[in-house]
Amino acid sequence: MAEIGFENPHVLHLMFAFTALHLAHCRPNRKQEYLATADRHYERALILVTPEIANLNPDNCDAVLVAVQMICFINWGRGPQPGEYLAFGRDKKSDWLMMFRGIRTTLSSIERSQFAKTHVPATRSKGRPLPSQEVPAEYEKHLDDLRAHIDFVTKYTPTREDDVRAVDILREMYDNRYQGVDGEYHVSFGWLFRMTDDFLERLQQRDPNPMIIYAHFVVLIRVLEQFWYMQGWTHHIMSGIWELTPREHRAWLDWPIKRIGWIKS
């Protein structure tokens with residue numbers, strides 16, 4: 001990443017912004033100073049990267065891919081924001097999801113062989129499997145029940161295929177995580193990466209079925225709170241899901257809420 005940063009100022013500014021956010025986390029007595037520094041570098045980076053994204057080509061695709069990934073991490077590092085729940089927002093579409101989808105757009109716009117320096121990160125790490133983790137109680141049974149519920153309530157709707165597929169992919173993510181396949185924690189975000197545009201749009205619109213499926217995804221990212229930039233996000237996201245899911249659908253939130261230890265206020 002350093003090599004790409006020295007060749008592309010927008011990546012370097014994003015690296016500085018992320019570093020400043022980390023310092024704000026580590027040195028709370030100087031938090032405002034570091035946050036201001038992060039904002040300056042972030043704003044400068046956006047000015048520089050915008051024309052690069054508009055002119056995506058084999059020469060700049062590595063730098064653009066790193067940039068959109070860094071932007072996602074910077075938004076995590078700023079900490080939970082009111083009304084922002086990563087895959088949806090309370091009052092507007094999620095800025096973070098727009099950037100996350102930018103990664104998919106970047107990868108689909110250029111042939112993978114053109115990504116020379118980043119080597120197009122694989123959906124699943126090929127390294128050593130993650131250490132053993134506490135397996136969520138009866139997750140197989142609960143996801144089977146969720147699939148049966150989604151299949152039933154969407155039986156005669158055009159969204160059935162997307163919603164059932166979303167549960168199937170989520171089950172695959174759970175199995176990979178808890179059966180010794182995954183070698184990297186962040187690979188669970190591959191679930192969002194593989195969702196269709198229509199599913200993500202309905203999630204943005206807070207459709208109850210995508211919302212309760214998303215709640216079960218939140219269980220997978222709970223472990224990421226061991227990293228400073230994800231701290232506080234899991235409970236924050238679940239609070240938004242609970243608040244914005246219609247009351248008659250909330251029973252399906254009980255299991256993921258218990259798994260992450262969130263207490264309804």
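The values are calculated or read from the model by the stated rules, or taken from the named source; none is laboratory data. Computed from a prediction, not measured in an experiment: that's the story for all the values here. Please note: Cβ atoms are built from the backbone with ideal geometry, for glycine as well, and neighbour counts cover all protein chains shown. Ligands, DNA and RNA are excluded from the accessible area calculation, which covers all protein heavy atoms including side chains. Shrake-Rupley method; radii C 1.70, N 1.55, O 1.52, S 1.80 Å.
Please compute, over every Cα-Cα pair in the stretch 212-265, the percentage with a separation greater than 17 angstrom.
On the way: 402 of 1431 pairs.
Tail of P(r) above 17 Å: 28 percent of Cα pairs.
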Could you pull the Cα extents of the stretch 119-265 along its three principal axes, largest to smallest, in whole Å?
43, 35, 28
Can you match semi-axes √(5λ) of the Cα gyration tensor in Å to one of these, (i) 32, 22, 19; (ii) 38, 19, 17; (iii) 29, 19, 18, based on a calculation from the structure here?
(i)
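Per residue, how much accessible surface does the stretch 147-249 expose to a 1.4 Å probe? Answer in Å², no decimals.
Working: 4140 Å² over 103 residues.
Normalised by residue count, the accessible surface of the stretch 147-249 is 40 Å².
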How big is Rg to Rh over the stretch 153-197, alpha-carbon atoms, Rh as the Kirkwood inverse-mean-distance radius?
1.08
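If you average the sequence gap of Cα pairs under 8 Å that are 6 or more apart and divide by the length of the chain, what percent do you get for the contact order?
Values: 292 pairs, mean separation 48.4, N = 265.
Across the chain, relative contact order equals 18 percent.
Roughly how compact is the stretch 50-94, stated as its Cα Rg over 2.2 N^0.38 Å to two decimals? Mind showing how you got there, number by number?
Numbers: Rg = 13.5 Å, N = 45, 2.2 N^0.38 = 9.3 Å.
After normalising by residue count via 2.2 N^0.38 Å, the value is 1.44.
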Using θ = phi - 60° and the Karplus curve 6.51 cos²θ - 1.76 cosθ + 1.60, what whole-Hz ³J(HN,Hα) does each residue of the stretch 232-244 get, with Gly and Pro shown as x?
x, 6, 4, 5, 4, 4, 5, 5, x, 4, 4, 4, 9
Solvent exposure ordering (accessible area, 1.4 Å, most first) of Asp62, Asp151:
Asp151, Asp62
Give the residues of the stretch 224-265 whose amide nitrogen is closer than 13 Å to a point set 7 Å from the Cα of Ala137 in the direction of its Cβ.
255-261
